[in-house]
Ligand code: SF4
């Protein structure tokens, strides 16, 4: 445990936890909304195949293209095919894109690829891994931000610069990137099965820019993000934002197919000003198997608000070393078991159950981790491993 | 670290389970020593006080924990088993403290007109460590054995005195249905009295797993003891673990969690209280004058 990590997690906890309490107290309707959302998501998990089909159909109907990738490699192939020879690509923070290794893959292919989320951009230039599912650079103090920007972006910034000066330097750089980008890759907080719409929530404005400025928008996400209706998708972004500590969020983005206009004789013409193409890449990568497992499927309800991290003693000490980025922390350890078949980190759970108390989806995380430990023992026995 | 944790867990599983199925003990333990506190309590009966040897063994658990990662590195459960032959003994003062706590709990129960006996040297271990480490199949197998052991002795009601045992028996009923009534002593000691103001380090098992956080505060309040609270440190979703449960898998991690927790508790107040012998083991090196609840009430 480095002292820099201790400092960073302490500051973030002190800021985040009371903020979430305040938001929940000020907006009491969020309580019933989260309960409804859990029910809606369970409905999808009970009939995942059917909902995937419905979603893909709705995307096609809206003029978009829907893809289903069995695993990370297939997702990378699909993205490759869509991008073709285009060179300039911008990404907004997406755990699923990270899970599928998309940024690294595109860089390896020589593309000009930039993360547009401030934290993710910092990680990119510092060549570091995310330490939290939302606040990806949580392990970095302001001073560390300053040092990295000084080294990689702007010499006038240093550890004594103010956060506003740092943000301004990153903003200048990113605004240039939006101008030249040909493809924008985002994740999705929720995908509505009835309309094929993708809902995304944010504060920086980078997701809006990434999904609108380039002529091709690709949304990469897991099949667990499907909800029955567009109304449910709004519930998911509201709850995600509140439990992450940013409510009301600055922006909620909804994308249903490519841009269009009906202004000329009421005929739908595509594209209008925004993207010409919209692609939804849905990734399975172990989720389908997890959905069929009564105990593990609870993990698929996670809306990635990141609140459980601040309630976890193991994460408090180990940070991103507990699990494998982007999936560290209590939810991340469940997700490593789902998408990578890696259960080893579950044994470090100290079953404090603070995570369960704060989870908006009422996921009994310690019980899921206990189950993962249990299945890990079984695997060890079957494999004759010690 | 995580990979080592898997190996240590697997090793624990084999050793502990084998010992339990053999003679109801997770490690070699001196049963006489564990039962010495209970002179005068009748043998057996339909209602018993059940220590599961937790207060008596807690210091030994720590000693075994520190052995495990070494044994895991050597990939040698046999070696560990042979180390077990050394029969770790808690220090005299530690044992005396455990005896005093248990005698006080027994006396508070008597004062509250609760009838109970004790199994003395026949007392078995609950199997808590199996379920806490995720060894479900073994826990269920041991649970069947333990349940018939109690039934065979005509035990109908078990009065638990620590969170690990209370939780283990609650979980056992999920898998091995039985008529055994499990009740924690905290809900039975109507007449207990104490004084002073303390910061309570909640047991994760009592407060969150068993949902007793509020009822425990009510029980404490009735004794006359008051609690210093800080929502960021002692709240339901913010109060962290003492590190002890993960100590068996990774002593380093357990130790660091204990340090962090102790710092947080001391930021609320200087007199800190626990309700679990394992929490006491984890936190007492970092908190001067740490007390168990059963040391501050009569
Ligand atoms: S497990 Fe619950 S608290 Fe943790 S990130 Fe997911 S939804 Fe949020």
| query | From the list A:3, A:12, A:32, which one is surrounded by fewer than 16 Cβ atoms within 10 Å (Cβ to Cβ) and within 14 Å of chain B (Cβ to nearest Cβ)? | reply | A:3
| message | Of everything in the range A:299-317, what is within 16 Å of the ligand (Cβ to nearest atom), assigned to a helix (DSSP H, G or I) and buried (at least 23 other Cβ atoms within 10 Å of the Cβ)? Give them in sequence order. | response | A:299, A:300, A:307, A:308, A:309, A:310, A:311, A:313, A:314, A:315, A:316
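Based on what the data block shows, is residue A:357 more than 12 Å from the ligand (Cβ to nearest atom), within 12 Å of another protein chain (Cβ to nearest Cβ) and surrounded by fewer than 24 Cβ atoms within 10 Å (Cβ to Cβ)?
Values: more than 12 Å from the ligand (Cβ to nearest atom): no; within 12 Å of another protein chain (Cβ to nearest Cβ): yes; surrounded by fewer than 24 Cβ atoms within 10 Å (Cβ to Cβ): yes.
Criteria not met by residue A:357.
Give me the residue from the range B:129-139 that is assigned to a helix (DSSP H, G or I) and within 11 Å of chain A (Cβ to nearest Cβ) and, out of that set, farthest from residue B:17 (Cα to Cα). Explain how you work it out, then say what you get.
Step one: list which residues in the range B:129-139 are assigned to a helix (DSSP H, G or I), which gives B:129-132, B:136-139.
Retained after the next criterion (residues that are within 11 Å of chain A (Cβ to nearest Cβ)): B:130-132, B:136-139.
Details: B:130: 8, B:131: 11, B:132: 13, B:136: 11, B:137: 10, B:138: 7, B:139: 8 Å.
By that ranking, first place goes to B:132.
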| said: Any residue that is more than 15 Å from the chain's Cα centre (by Cα) and within 12 Å of chain A (Cβ to nearest Cβ) - is there at least one of those in the range B:264-287? | reply: yes
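Can you find even one residue in the range A:74-81 that is crowded, with 23+ Cβ neighbours inside 10 Å, in contact (Cβ under 8 Å) with a residue 60 or more places away in the chain, outside the structural domain of residue A:296 (by TED's automatic domain parsing) and not in a helix (DSSP H, G or I)? First the steps, then the outcome.
The initial filter retains those residues of the range A:74-81 that are crowded, with 23+ Cβ neighbours inside 10 Å, namely A:75, A:79.
Of the ones still in play, those that are also in contact (Cβ under 8 Å) with a residue 60 or more places away in the chain are A:75, A:79.
Add one more test, that the residue is outside the structural domain of residue A:296 (by TED's automatic domain parsing), and what stays is A:75, A:79.
Filter once more, so that each one left must be not in a helix (DSSP H, G or I): none.
Looking for residues that are crowded, with 23+ Cβ neighbours inside 10 Å, in contact (Cβ under 8 Å) with a residue 60 or more places away in the chain, outside the structural domain of residue A:296 (by TED's automatic domain parsing) and not in a helix (DSSP H, G or I), one finds none in the range A:74-81, hence no.
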| remark: Taking the range A:238-265 and the residues there that are over 22 Å from residue A:212 (Cβ atoms) and either surrounded by fewer than 22 Cβ atoms within 10 Å (Cβ to Cβ) or more than 17 Å from the chain's Cα centre (by Cα) (or both), the one that is farthest from the ligand (Cβ to nearest atom) would be A:265
| query | Yes or no: residue B:202 out of contact with any strand residue (DSSP E or B) (no Cβ under 7 Å at 6 or more places or on another chain), within 14 Å of chain A (Cβ to nearest Cβ), modelled with pLDDT of 95 or more and surrounded by 20 or more Cβ atoms within 10 Å (Cβ to Cβ)? | reply | yes
| query | Among the residues of the range A:365-381, which ones are at the interface with chain B (Cβ under 10 Å from one of its Cβ atoms) and within 13 Å of the ligand (Cβ to nearest atom)? | reply | A:366, A:367, A:369
| said: Of the residues B:237, B:211, B:224, only one is surrounded by fewer than 23 Cβ atoms within 10 Å (Cβ to Cβ), within 11 Å of chain A (Cβ to nearest Cβ) and at positive phi; which? | reply: B:211
| task | Select from the range B:175-195 the residues that are in a loop (DSSP other than H, G, I, E, B) and in contact with a strand residue (DSSP E or B) (Cβ under 8 Å, 6 or more places away or on another chain) and list them in ascending order. | result | B:180, B:188, B:189, B:192, B:193
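Any idea which residue in the range A:334-352 is farthest from the ligand (Cβ to nearest atom), counting only those that are closer than 20 Å to residue B:244 by Cα and crowded, with 24+ Cβ neighbours inside 10 Å? If you could, list the steps in order and put the result at the bottom.
Step one: of the range A:334-352, the residues closer than 20 Å to residue B:244 by Cα are A:344-352.
Checking which are crowded, with 24+ Cβ neighbours inside 10 Å leaves us with A:345-352.
Numbers: A:345: 15, A:346: 14, A:347: 19, A:348: 16, A:349: 13, A:350: 16, A:351: 15, A:352: 14 Å.
Here the residue is A:347.
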| query | Is it the case that the range A:82-92 has a residue that's under 29 Å from residue A:361 (Cα atoms) and either surrounded by fewer than 13 Cβ atoms within 10 Å (Cβ to Cβ) or away from chain B (no Cβ under 14 Å) (or both)? | reply | yes
| said: Being touching a helix residue (DSSP H, G or I) at 6+ places or on another chain (Cβ under 6 Å) and either surrounded by 20 or more Cβ atoms within 10 Å (Cβ to Cβ) or closer than 16 Å to residue A:120 by Cα (or both) is the requirement here; does residue A:183 meet it? | reply: yes
| said: Being within 22 Å of residue A:221 (Cα to Cα), touching a residue at least 24 places away in the same chain (Cβ under 8 Å) and more than 9 Å from the ligand (Cβ to nearest atom) is the requirement here; does residue A:328 meet it? | reply: yes
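The values are calculated or read from the model by the stated rules, or taken from the named source; none is laboratory data. Small disclaimer: the values here were computed from a predicted structure and weren't measured. Positions of Cβ are generated from backbone atoms using ideal geometry, with glycine treated the same way; all protein chains shown enter the neighbour counts.
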